[in-house]
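Please read the structure below before turning to the comments.
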């Protein structure tokens, strides 16, 4: 069968006009920009910086809490924490009440690195939002919150559908979904 570029008009969609595409490419541009700054200025990856930022904001936390907040896999957080420990920026210890749980905290050097990096992060945010008026920024934040809640609801619905037993197969047991936060 020959290859054809013609599709029925009802199926013609410009991917660049899809909201998910636009949000993803916007996010990738921001990520790449901060990745360069963090590597040049602090010698850190974005993931490492995010963990420092989280710990500085919320105090010592478990690997699971960090992973849930940033929506990372626990293995990604574990790897980044190990790198932070090697750099002398973080320490880990087993939780007293549950030895299976690894707690992470900042060292004095970790705090100094955070204090050095925070102005960089805040300056980037200021520069990014400088093209908006205060009311545009507030409206954007409200809209983003609405879309985030809708995306969470859609994710919950998709996960519920994935957990439903397939016809003729046994039930799959899924672990609890961790909520972002602390």
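The values are calculated or read from the model by the stated rules, or taken from the named source; none is laboratory data. The model shown is predicted, which means the values in this text are computed figures rather than measured ones. Note that each Cβ is placed from the backbone with ideal geometry, even for glycine, and that neighbours are counted across all protein chains shown.
Under 6 Å by Cβ, and 6 or more places apart or on different chains, what pairs join a residue from the range 79-98 that is within 14 Å of residue 51 (Cα to Cα) and assigned by TED's automatic domain parsing to the domain that holds residue 46 with one that is at pLDDT below 95 and not in a loop (DSSP other than H, G, I, E, B)?
92/102
Would you mention how many residues in the range 130-147 are more than 20 Å from the chain's Cα centre (by Cα) and part of a helix (DSSP H, G or I)?
Residues meeting the conditions: 6.
Within the range 101-129, how many residues turn out to be in contact (Cβ under 8 Å) with a residue 40 or more places away in the chain and outside any helix (DSSP H, G or I)?
Here the count works out to 5.
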